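So the structure is just underneath, and the comments pick up after that.
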Amino acid sequence: MLVKLCNIRSIYTCLFTLFCVSIPFTDVSKAIPNILIGVLAGFFFFVIKKEDFKKLQVKWLYLLGLLIITGLVSIFIFQRWDDINFMIRLITIVAIVIISLPVKDHIAPVKAFVLSSLTLLLISSVKIILYVKSSGSFDFTLGEHINTLLLGERPYLGMIYVASACLCWFLADKSLGVAKILWYFISLLFVGFVLIITARMALISLVIILFALVFYSKKRLKASLGVVGGILILGFLLISFNENLKKRFYLSTSKDFVLSERLVHEPRYHIWECASGMEQNTVSFLFGKGFEQTEAELVSCYQTRDKFYTEDQKQWFVRERFNTHNQYIEVYYAMGIIAFVCFIGFLFFVLTENRKNYYATALVLLLFLFLFSENLIHRQIGITYIGLTLVFSRFLNSEKKQD
C-alpha cells in the first residue's frame, strides 16, 4: 500500500511538472493546461496530507477569498451574471496553489518551466530568422506578424521570459561549476531576447528587479552596484543603436519631436484617459459597475473621443473593445472599493511574505508591475502565470530555508 502511494505521489509530481511545461505554450494550446489541472484535481485527494495545508500562507489567501466572496455577492445582488467568468478565473488561481501542495520536489517544476520557456524562445528565434531572411526587414514595432512569430502575445511572453531569467538566477545560486555558468548563460538568452522583441513592460520590470538586488546584497554591495550599472550602460547602448526600441519607447533626438504628438499612437494613452473619466455614484463606488458595464463605458468613450490620430484608429478601438489594460483600475471600477482594498491587501501580503527572499520577491515584483499594464485575469496565460508565481515563490522560499 505504501509503495502504491509513493508511486501515485511520483506520478502527481510528474503531472504538475508537465503542467509547468505547458504554461509558456498556453497561446499555442489552451486545452493542455486545463486538462492537466483536471487530472491533478482527480489525483489530489489520494496524495494530499493534513500537514500539506500548513504550507499555505493564509494571510493573502484570506484576502483573495474575501475578494472572491465580495464579487460573488455583487453578482447575485445586482444580477451581473456575465461577471461570473471573472470569479471562476480567480478561483482557478486558488486551485493552482492548492494542487501544488502535495508536490515535494520543488526544483523539478521550476527547471521544467525554465526549459519550456527556453524551447519556446528557440522556436521563436528560428521563425524570426526565417522571417527576416524572407522579408528583408526586422521591424518589431507594430504588426500582426509579431505575435505569429513569437507564438503568443508579446507582453505576456516578455513577462514569462523575465520570470524565467529570475528563476535561472535562483537555479544558478543552487548550482556549482559548469551548471552555474549554464544557468547564467540561459538567463542572458532570456534577457537578450526580451531586448530583441522590445517587450517594453518586461524591460522596465527587469530594470526595477535588478535595482532591487542592491537591497538584498549588503555584503556584496559594490559588486551589485557594478552589475546594475553595467546593465544600465548596456541598456543605454542597445537603445541608442536599436531603432525598434526607440520607436517602442517613443525616444528621439530630433528637434521636431513632440512627445504629446507621439503618445496618440500609444493605445494605453487613450484607454487610461477614458478610464480616468468614468463617473462613480455611491453604489458603484462601493460595489462597482460590473465588468460588462465598465467595458461598455470605455467603448462609449472611444466612440466620442476626438484625440485619436485617425478615424481608423478610433474604429479599431471600438471594434476591439479594449479593456482597461490595468488590473487595478478594472477591479476598482468593476467591483468597487471594497474589492479593490481586498485585491491590494492580497498583493501586499504576497509581497511581505516573500520579502526575505530576493528571487521570490523578483517574481512578485514582476507580477505587480504587469498588473499596471495588463488585465492578467482576463487571459488564461495570465491566470496560470499568477497561480504559478504564488506557487514558485513558495517553492523558492522553501528551498532557501533548507540551505
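The values are calculated or read from the model by the stated rules, or taken from the named source; none is laboratory data. Keep in mind the model is a prediction, meaning the values are calculated, not measured. No Cβ is skipped: glycine too gets one built from the backbone with ideal geometry, and neighbour counts run over all protein chains shown.
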Ser276 being assigned by TED's automatic domain parsing to the domain that holds Asn375, loosely packed, with under 15 Cβ neighbours inside 10 Å and either closer than 24 Å to Met201 by Cβ or at pLDDT 90 or above (or both):
yes
Kindly provide the set of residues from segment 344-362 that are small (Gly, Ala, Ser) and either crowded, with 23+ Cβ neighbours inside 10 Å or within 16 Å of Gly387 (Cβ to Cβ) (or both), ordered by number.
Ala360, Ala362
From the list Val132, Val58, Val73, pick out the single residue that is over 21 Å from Leu18 (Cβ atoms), loosely packed, with under 13 Cβ neighbours inside 10 Å and of a type outside the set (S, T, N, Q).
Val58
If I ask for residues that are in a helix (DSSP H, G or I), under 22 Å from Phe395 (Cβ atoms) and not aliphatic (A, V, I, L, M), which ones from segment 80-117 would you list?
Thr92, Pro109, Lys111, Phe113, Ser116, Ser117
Please list, ordered by first then second residue, the pairs with beta carbon atoms under 7 Å, 6 or more apart or interchain, first in segment 45-59 and of a type in the set (Asp, Glu), second assigned to a loop (DSSP other than H, G, I, E, B).
Asp52/Leu101; Asp52/Pro102
If the Cβ limit is 7 Å and pairs must be 6+ apart or interchain, which residue in segment 361-375 that is under 14 Å from Glu330 (Cα atoms) and without any contact (Cβ under 8 Å) to a residue 60 or more places away in the chain pairs with which residue that is in a loop (DSSP other than H, G, I, E, B) and hydroxyl-bearing (Ser, Thr, Tyr)?
Asn375/Thr324
Near pairs, Cβ below 6 angstrom, 6+ apart or cross-chain, from segment 379-403 (modelled with pLDDT of 85 or more) to any residue that is in a helix (DSSP H, G or I) and among the charged types (D, E, K, R)
Ile383/Arg89
Single match in Ile35, Ile77 (criterion: in a helix (DSSP H, G or I) and in contact (Cβ under 8 Å) with a residue 12 or more places away in the chain):
Ile77
